[in-house]
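Some notes on the structure that comes next.
The values are calculated or read from the model by the stated rules, or taken from the named source; none is laboratory data. Please read all numbers here as calculations on a predicted model, not as lab measurements. Don't worry about glycine lacking a Cβ; one is built from the backbone with ideal geometry, like all the others, and counts go over all protein chains shown.
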Amino acid sequence: MQLKPNGWTLGGMGVLVGCALGNLVSVTPVINGTFGILLVPVTHALGWSRSEFSVVLLIMAIVGVVGYPVAGYLADRYGVRPVALIGNASFALCVACLAFSTNQRPFVYTLYALTGLAGTLSSCVLLMKPISLWFTRHRGLLFALTGAFGINIGIAIMPFLAGNIMAAHGWRMAYVGLGVFTLLVGMPAMMLLKNPPSGTTATAAPQMPLPGLTSREARRQPAFWLLMLSVALGAGSLSAMLTHMVPLLTDRGIPLATATATFATTALCNASWQIVIGMMLDRTKAPRFTGLFLIVSIIGLALIGSTTDSVWLIAGAVLLGIGSGTEYGLLPCVIPRYFGVRSFSELYGTIFGVSILASGFTPILMGLAFDTHGNYNLALVFIAIALVCSAVLLFLMPSYDSKWLPRTVADEVKGSTGPNVKLASVR
């Protein structure tokens, strides 16, 4: 069968749709995206402080440090679709079970730990790999279209879904509704993640590996550590800002509708900017230029933290969306170009897990800042410092290894295994 380098077949298009919808109901939109909406009613109902409830994000992050690499390994070993199907069903059930939260902290923390662990099995860590296998050109753009728009449209709509259910039926039913929505959207989406048929992408003899470095080899590269530290600092700090954005604004007397719209604007700009970043990364030899966009996002941070004018709030939200879109758009684009696709899911899971761990600590620190000082000012200063450090690390990134640059599948097969040898199939 003739090779089709770009995967533009019915099956390939189905993979794109499945990845986008799967990301829409992944852990980031469903849990992190609704955290700010549910924070106040849940803490009031349970009698907790904001910092005490923010610990749930740290717990999910800690289990993610282990869960994401393991989920990536399982996807590399057994295939994305079976792992993602199990993950979506178990994650939806766990989200619905959050409705049973009580004032007993060990019980609630256990619920969130299970939710975080289940969420790793149907996360973007897994859902990016099918695109790497079906498509060898314009990967950055396709990662952005499926990951950015999937996750960030989810982040934009989930607060409204949770808020409407909560207004009518209370916060407990909001969790049930989120779980049901996750299952109804996610299960059909995961079914679309089919194997690339032989001849459509680099597939064939099971004994031959996909092109790229092993995870151990990749961890010996300076680019791996620079990328991991930069994403952990940048994405971790911006994640804290996003999870506390709604209460940060409403504490200053800004209406909930305006605060929610500001949050949604950040999410949508995040999604849109990831497309821009993806196209830029497809055409450049290193990701160093992206550090500039993190510096720009500090201006947005200052606007969100100081103004009450709706126009300036939207402007700040746009700039924050540029910063977060830059951070979240990096990993799926640059990992294949630095290290190939052989251990894509495991490497993605490792770096993503560390960034999620940082994202778990920073909301707690923001909650402590509020509990101690009655505002978020000190936390915003530290977020700005973290963004500067993240930008500096990106400025130090080396150029890509040319042998892993996106080419046609035929070129990748020839360059990796010789002209007459095909690569391993991936379920």
All but one of (1) part of a helix (DSSP H, G or I); (2) over 24 Å from R50 (Cβ atoms) hold for T284; which doesn't? (1)
Against the definition (surrounded by 18 or more Cβ atoms within 10 Å (Cβ to Cβ) and part of a loop (DSSP other than H, G, I, E, B)), how does S54 come out, yes or no? no
Quick one: in segment 21-51, of everything that is crowded, with 22+ Cβ neighbours inside 10 Å and of a type in the set (G, A, S), which residue is modelled with the lowest pLDDT? G36
Do you know which residues across segment 58-102 are of a type in the set (S, T, Y), more than 13 Å from V125 (Cα to Cα) and either part of a helix (DSSP H, G or I) or in contact with a strand residue (DSSP E or B) (Cβ under 9 Å, 6 or more places away or on another chain) (or both)? Y78, S90
Evaluate segment 171-189: report whether one residue or more is surrounded by fewer than 21 Cβ atoms within 10 Å (Cβ to Cβ), modelled with pLDDT of 80 or more and of a type in the set (G, A, S). yes
Among residues belonging to segment 119-165 that are among the small types (G, A, S) and at pLDDT 75 or above, point out the one that is nearest to L178 (Cα to Cα). A162
